[in-house]
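Contents: one structure, followed by commentary.
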Amino acid sequence: MSRNLILTGFSGTGKSQVGRTIAQLQEWEFLDTDEEVVQTAGKSIADIFEQDGEAHFRHLERQAVVRACAVSGVVVSTGGGAIVDSDNYRAMADAGVIVCLEATPETILSRLQPPIGDSEVVEVRPLLTAPDPIQNIKELKTQRQGYYDLAECVIQTDGLTVQEVAREAINMWQERNNWPTNATKAGDSREPSPAFLVEAPSATYPVFVNWGLLDDLGMYLMSCGINGPVYVITDSKVSELHGRRVEDGLKKAGIEVYSYVVPAGEASKTLAIVGDIYAWLAERRCERGHAIIALGGGMVGDLAGFVAATFLRGVSVIQVPTSLAAMVDASIGGKTAVNLPAGKNLVGAFYQPRMVVADLNALKTLPSRELASGWAEAIKHGLILDTSLFDLFEERVESLLDLEPEVTAEVVSRSMAIKGKIVAEDEKETAGRRILLNYGHTIGHGLETASGYTALLHGEAVSAGMVAAGAIGQQMGLISREAVERYTAVLTGFGLPISCPGVNPDSVLNAMQLDKKATSKRINWVLLEDIGITTVRSDVPDELVQQTVRDICR
């Protein structure tokens with residue numbers, strides 16, 4: 001069955017016009033969910049809102065989205081707020097390729113004045129009659145932006161004709177429609193296909209996510225033109241579990257392989273260890289055309305990535321994460337670093353991998369505590385950007401803890417894709433978007449440093465940090481107590497700590513002063529206004545921070 005093309009985006013971005021044009025070009029059926037609602041209700045959207053209320057409209061809209069997505073081979077235009085509903089998003093994501101049409105607030109205003117007479121005008125008309133319509137458009141668009149970011153493709157429509165946007169959307173649909181949703185299974189003669197691509201400014205690379213990929217790692221490398229030699233950097237625990245299997249898989253593909261094993265644990269992520277690896281690579285005459293494989297968790301990914309970024313001014317690195325935390329976070333985005341005694345990740349570089357290969361079977365070898373640590377990072381993605389993903393964590397706790405294949409693959413892939421999308425938008429954390437990934441990390445990194453990187457796993461520290469950030473946001477009037485209690489309960493359900501008794505709060509506060517998110521000695525705090533809605537604030541009172549840290553360490 002052909003995957004549908006589903007359009008989302010703010011009012012005034014041209015979804016209805018573009019959808020009709022796509023339907024004409026492709027000889028498809030066109031469905032507009034707003035028109036479906038009007039037909040079902042027998043009245044205009046304005047009358048539905050006035051007479052029956054927004055809740056009734058959203059109920060009718062949800063039914064229209066489900067009906068539209070159940071049809072095959074159609075282009076669907078959805079209302080500007082449809083994707084905010086988690087049920088709508090799931091139906092859209094399951095049914096086809098979601099393309100978001102974007103435009104600046106100024107362009108949107110110009111398109112909506114004078115009113116264009118279609119159903120989208122009803123939604124935005126109050127904004128246009130307000131004293132400052134541009135500001136109102138900006139505010140509503142900002143509230144929804146996290147949901148629009150869930151789309152697989154984005155088209156900036158400013159300055160483009162309807163025909164140009166339609167053809168670009170068709171090109172995107174054709175490209176994505178040819179990608180299988182899962183990587184090729186072992187023994188399949190076809191070239192493996194990625195779960196998605198990370199399209200960062202400095203590099204575009206594939207991400208493979210599936211069960212049982214390590215045995216055929218060589219096939220995945222060769223599909224990207226990597227024929228060896230390769231240098232596997234791993235740690236003692238991962239080497240014991242997966243080292244031989246990876247080496248055998250590479251040799252089976254005719255790839256020459258060498259392995260370097262460091263002691264397991266964050267204490268290996270130092271400049272001294274980096275120097276030892278440099279010497280090892282030099283002895284084996286590693287060249288820039290060769291490749292380094294980071295086989296392991298986040299520590300190995302950071303360490304091997306930093307080595308690859310700096311040896312010979314840059315050697316290709318393939319991230320092969322074996323922990324859940326590394327899969328959903330550290331393996332994607334190109335952040336590489338080592339620690340100094342003064343703090344975590346203080347020496348590093350942005351250096352994108354050549355590819356990422358995530359074998360979900362590796363999760364079965366993780367201790368329950370380490371698995372929970374990884375879920376913390378995935379839950380964070382739901383909190384900052386994807387309420388429907390967060391809903392899955394609430395609804396499927398036991399299934400995820402048991403690593404049920406289907407839901408685990410869905411959650412891990414979606415979480416990785418969120419990280420990849422943010423990286424594509426803000427590769428080096430200069431546009432303000434990527435900083436959202438640091439939710440819970442300001443205090444979390446302080447907790448890690450204060451405990452010597454040994455008492456707490458990274459995800460455990462982040463979990464406590466997210467609870468602390470929630471407390472700060474609540475005290476500042478940004479987020480409700482109910483929302484904080486809701487996600488605190490989810491963290492607890494996954495066996496994650498919500499406090500760190502025994503850690504010295506003064507040591508935590510001292511470590512936070514070196515936080516990389518600080519500007520002019522003020523920390524840029526990532527906080528929540530609600531689940532899925534983030535804000536960045538630099539005006540958090542020092543007294544509130546100090547009290548919150550003391551509470552979390554009590």
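Just a few scattered comments:
- Against the numbered list (1) in contact with a Lys or Arg (Cβ under 7 Å, 6 or more places away or on another chain); (2) buried (at least 24 other Cβ atoms within 10 Å of the Cβ); (3) more than 29 Å from Q546 (Cβ to Cβ); (4) not polar (S, T, N, Q), K419 comes up short only at (1).
- Scanning region 10-46 for residues that are part of a helix (DSSP H, G or I) and among the β-branched types (V, I, T) returns V18, T21, I22, T33, V37, V38, T40, I45.
- Scanning region 11-25 for residues that are crowded, with 19+ Cβ neighbours inside 10 Å and either in contact with a Leu (Cβ under 8 Å, 6 or more places away or on another chain) or modelled with pLDDT under 90 (or both) gives S11, G12, T13, G14, K15, V18, G19, I22.
One line per residue, one yes/no per condition, for (1) within 26 Å of the chain's Cα centre (by Cα); (2) assigned by TED's automatic domain parsing to the domain that holds V274; (3) free of Cβ contacts under 8 Å to residues at least 60 places away in the same chain:
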{"position": "A203", "(1), (2), (3)": "yes, yes, no"}
{"position": "F208", "(1), (2), (3)": "yes, yes, no"}
{"position": "L214", "(1), (2), (3)": "yes, yes, no"}
{"position": "M222", "(1), (2), (3)": "no, yes, yes"}
{"position": "N227", "(1), (2), (3)": "no, yes, yes"}
{"position": "Y231", "(1), (2), (3)": "no, yes, no"}
{"position": "V238", "(1), (2), (3)": "yes, yes, no"}
{"position": "V246", "(1), (2), (3)": "no, yes, no"}
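- Across region 313-334, the qualifying residues are those that are over 12 Å from the mean Cα position of the chain (by Cα) and among the polar types (S, T, N, Q), and the one among them that is farthest from A372 (Cα to Cα) is S316.
- Hits in region 85-114 (condition: over 18 Å from L392 (Cβ atoms) and of a type in the set (V, I, T)): V97, V99, T104, T107, I108
- Here the helices (runs of 4 or more DSSP H) wholly within region 425-519 that include at least 2 residues being at pLDDT 95 or above, under 25 Å from the mean Cα position of the chain (by Cα) and not aromatic (F, W, Y) are 441-450, 458-475, 481-493.
- Filtered by the rule that a residue be more than 15 Å from P321 (Cβ to Cβ) and out of contact with any Gly (no Cβ under 7 Å at 6 or more places or on another chain), region 370-380 gives a lone residue, I379.
- Test: residue in region 314-331 that is over 21 Å from L217 (Cα atoms) and without any contact (Cβ under 8 Å) to a residue 60 or more places away in the chain: yes
- Within region 26-41, considering residues that are without any contact (Cβ under 8 Å) to a residue 60 or more places away in the chain and over 19 Å from H56 (Cβ atoms), the one surrounded by the most Cβ atoms within 10 Å (Cβ to Cβ): L31
- Among residues of region 83-112 being in contact (Cβ under 8 Å) with a residue 12 or more places away in the chain and of a type in the set (G, A, S), the one that is farthest from Q63 (Cα to Cα) is A103.
- V549 being touching a Leu at 6+ places or on another chain (Cβ under 9 Å) and either at pLDDT 95 or above or among the acidic types (D, E) (or both): yes
- Residues of region 321-366 that are surrounded by fewer than 24 Cβ atoms within 10 Å (Cβ to Cβ), of a type in the set (D, E, K, R) and part of a helix (DSSP H, G or I): K364 alone.
- Selection within region 367-405 - small (G, A, S) and either crowded, with 22+ Cβ neighbours inside 10 Å or without any contact (Cβ under 8 Å) to a residue 60 or more places away in the chain (or both): A372, S373, G374, A376, A378, G382, S399
- All positions within region 47-79 that are modelled with pLDDT under 90 and outside any helix (DSSP H, G or I): G53, A70, V71, S72, G73
The values are calculated or read from the model by the stated rules, or taken from the named source; none is laboratory data. On a predicted model such as this, the values are computed, not experimentally measured, just so you know. Every residue, glycine among them, receives a Cβ derived from its backbone with ideal geometry; neighbour counts consider all protein chains shown.
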